[in-house]
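Below: the structure, in C-alpha cells.
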Amino acid sequence: MADRSDQWSSRAAFILATVGSAVGIGSIWKFPYEVGSNGGGIFVLFYLLGLVLIVLPLLLVEMALGRRGGGDAALSPRTVAIEVGATPRWSLVGTLGALTAFLILSFYSVIGGWILAYLADTVVAGLPGGDAAQVRERFEELLGSAPRMALFHGLFMAIAAAIVALGVIGGIETACRVLMPVLITLLLALAVYSAIVGDLAAAVRFLFKPDWSKATAKAALEALGLGFFSIGVGMTVMVTYAAHAGRDMALRTVATTSMMIDTAISLLAGIAIFPIVFAHGLNPEAGPGLLFVTLPLAFADMPLGALMAGAFFVSLFVAALASALSMLEMPVSLLCRRFRMARPLATSLAALAAWTTGLLTVFSFSLWAGWKPFAGVSVYELIDQLTSNLMLPLGGLGLAILGGWIVPATLIGNELRLGARWTAILRFTLRYPVPLGIAAVTLAPLAM
C-alpha cells in the first residue's frame with residue numbers, strides 16, 4: 001500500500017495532478033486541429049459523447065484498481081487479481097501501460113523540446129515576420145538540426161526528471177499546483193486577446209454549431225479516438241496515481257471533475273486559437289503546422305504579437321510538462337518498487353533511457369528524414385503508430401475485461417462509492433460499449 005506520507009494531500013491536489021496528466025499537448029495542439037479537420041461543432045459533439053461512453057468508464061476502473069491495489073501500474077492489477085482468485089498475470093496490463101508511457105514520453109519530450117526552442121527564439125529573436133516562407137524556414141531549420149533538437153529534448157526531459165525525483169508530494173503535486181493555474185490563466189488571457197483582435201463569432205460558430213452534413217463515420221471515430229488517447233486511458237497512469245489516494249477521497253468525483261476540466265481547457269484552447277485563424281483567413285485544417293507555422297505567422301501581424309506568442313508557447317510548455325510528469329512517474333514507480341531503487345536514481349535512469357530512445361525521433365526528422373524503412377513509415381511514425389494504434393487500445397481492452405468480467409462488480413462499486421444501479425451500468429459499459437468502441441477506433445481505419 002502507498003505510504004501515507006506519499007499520498008495526495010487533498011482531493012484538489014489529486015484533481016490538479018490528474019488534469020495535468022490528461023491535458024498535455026494534445027488538448028492545446030491536437031484538439032484544435034482535429035476539430036478543424038473534422039467539421040467543427042459536430043466533431044466536438046462526437047468527442048463529448050465518446051468521453052462519457054468510453055473514456056470515463058475506463059478512467060473510473062483505473063482509479064478503482066489503483067487505490068485497491070495500492071501499488072504501481074503492474075502491481076495493483078496483480079494484487080487485485082490475486083484478491084479475487086484470478087491469475088496474477090493481469091499485471092501484464094500495467095506493464096504494457098508503463099512501456100507505452102515510456103515510448104510515448106520518448107517522442108513527446110522531443111515535441112516539448114520544439115516548444116522550448118520556439119519559446120527561446122521568440123524571446124531572443126522575436127517573431128520571424130509576416131512572411132510565410134520565413135516562418136516555415138524557422139520550423140524546417142529546427143527539424144533539420146539534430147544537435148539542437150537533442151539539446152532541447154534533453155532540457156525538457158531534465159526539467160521533468162528534476163520534478164519527479166522530488167516525489168509525489170514534493171515534486172508532482174507541488175508542480176501541478178503551480179502549473180495548472182498558470183496554464184488556465186494564460187489560456188484565459190489568450191482567449192480574451194483573441195476575442196478582441198480576432199473573429200470570435202466565427203470561432204464560436206465553428207466550435208459549437210454542429211454542421212450535420214459533416215456527421216460522418218470518420219469524424220465520429222476520430223473524435224472517439226482523440227478522447228480515448230488524449231485523456232490517456234489504457235496507459236494505466238491513473239492506476240499509479242490512484243494508489244496515492246486516501247480512502248477519504250471520492251474517486252468518481254475526481255474522475256468526472258478532472259475530465260470536465262480537461263474538456264474545458266481543450267475548448268478554451270480552441271477559443272484562444274480559432275478567432276486568430278479566422279480573422280487572418282487561415283486554414284483551420286492546417287494540422288500540426290497550425291501551432292508551429294500558421295499561428296506564428298498570424299501573431300507576427302498583430303499588436304503585442306511577440307508577447308502573446310511567447311505566452312502561447314509558455315502555455316504549451318506547461319501543458320506538455322504536466323503530462324510528461326505522469327508518463328515519467330510510470331517507469332520510476334516500477335523501478336522504485338520492483339528493484340528498491342532510490343527515487344532520484346530511478347528517475348535518472350528512466351529519464352536517460354527515454355531521452356536516448358527519443359533520439360530515434362530526433363533522427364527521424366533530421367538525419368533520417370526521408371528514410372522510411374518500415375513499410376513506408378519512418379522510425380518515429382512506427383513508434384507513434386505502435387503506441388497509439390496497438391499498445392494503448394490493448395491496454396484499454398485489458399482494463400475493460402479486468403474491470404468488466406474478472407473483478408466483482410461490488411469491489412469496483414465500493415471503491416468508487418457507487419450505488420447498485422450505477423455499478424450495474426458501469427459493469428455493462430465496461431463489458432460491451434467500451435470494447436466495441438476500442439475495436440471501432442482501432443480497426444475501422446484499416447477498412448477506410
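Computed from the coordinates by the stated procedures, all read-outs in this text should not be read as laboratory data. In this text, all values refer to a predicted model and were calculated from it rather than measured experimentally. So basically every Cβ, Gly included, is an ideal-geometry build from the backbone, and we count neighbours across all protein chains shown.
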With the label point 7 Å along the Cα-to-beta-carbon line of Leu53 and a cut-off under 14 Å to each amide N, the hits in segment 194-222 are 216-222
Determine the gain in length on full extension of the stretch Leu307-Leu352; use 0.36 nm per residue of separation and subtract their C-alpha separation, reporting nm with one decimal.
-> 12.8 nm
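Contour minus end-to-end for Ile425 and Ala201, with contour as 0.36 nm per residue of separation and end-to-end as the Cα-Cα distance?
Working: separation 224, 0.36 × 224 = 80.64 nm, distance 3.94 nm.
Value of the extension gain: 76.7 nm.
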Any chance you could check the Cα centroid distance between segment 1-80 and segment 308-355 for me, in angstrom?
-> 17
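Quick one: grab the alpha carbon gyration tensor of segment 60-103, order the square roots of its eigenvalues as a ≥ b ≥ c, and give me rounded if a/c is under 1.5, else prolate or oblate depending on whether a/b is larger than b/c. Walk me through the intermediate numbers first.
Working: a/c = 2.40, a/b = 1.45, b/c = 1.65.
Here segment 60-103 falls in the oblate category.
From the square roots a ≥ b ≥ c of the eigenvalues of the alpha-carbon gyration tensor of segment 168-280, which class results: rounded (a/c under 1.5), prolate (a/b over b/c), or oblate? Numbers along the way, then the final one.
Numbers: a/c = 2.99, a/b = 1.49, b/c = 2.01.
Since a/c reaches 1.5 but b/c is at least a/b, the shape of segment 168-280 is classed as oblate.
Can you count the Lys pairs in the chain whose Cα atoms are under 20 Å apart, with each pair 8 or more apart or on different chains? All intermediate terms of the calculation are to be shown ahead of the outcome.
Details: Lys30/Lys209; Lys30/Lys214; Lys30/Lys218; Lys209/Lys218.
Close lysine pairs found across the chain: 4.
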Between Val84 and Lys214, 0.36 nm times their residue separation minus their Cα-Cα distance comes to what?
-> 42.1 nm
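From the C-alpha gyration tensor of segment 385-448, pull out the three semi-axes of the equivalent ellipsoid (sqrt of 5λ each), sorted largest to smallest, in whole Å. Walk me through the intermediate numbers first.
Details: eigenvalues 147, 28, 12 Å².
Semi-axis lengths for segment 385-448 are 27, 12, 8 Å.
FRET efficiency for Ala264 and Phe339, Cβ-Cβ distance as r, R0 = 56 Å, nearest 0.05?
Numbers: r = 40 Å, r/R0 = 0.71.
Approximately 0.90, to the nearest 0.05.
Please identify the helices of the chain, taking whole runs of DSSP H, that span at least 30 Å along their own axis as judged from the Cα atoms and have a mean Kyte-Doolittle score of 1.0 or higher.
Correct list, ordered by number: 91-125, 174-197, 251-279, 305-339, 343-365.
When N is the residue count of the chain, what does its C-alpha Rg come to as a fraction of 2.2 N^0.38 Å? Working shown, then result.
Values: Rg = 21.2 Å, N = 448, 2.2 N^0.38 = 22.4 Å.
Scaled against compact globular proteins, the figure is 0.95.
In whole Å, what three semi-axes, largest first, describe the equivalent ellipsoid of segment 243-318 built from its Cα gyration tensor (square root of 5 times each eigenvalue)?
On the way: eigenvalues 237, 37, 21 Å².
In descending order the semi-axes read 34, 14, 10 Å.
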Express the relative contact order of the chain as a whole percentage, based on alpha carbon pairs under 8 Å and six or more residues apart in sequence.
-> 35
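Given a Förster distance of 41 angstrom, what is the FRET efficiency for Leu92 paired with Ala189, based on the Cβ-Cβ distance and rounded to 0.05? Could the numbers behind the result be given before it?
Details: r = 45 Å, r/R0 = 1.10.
The formula returns an efficiency of 0.35 here.
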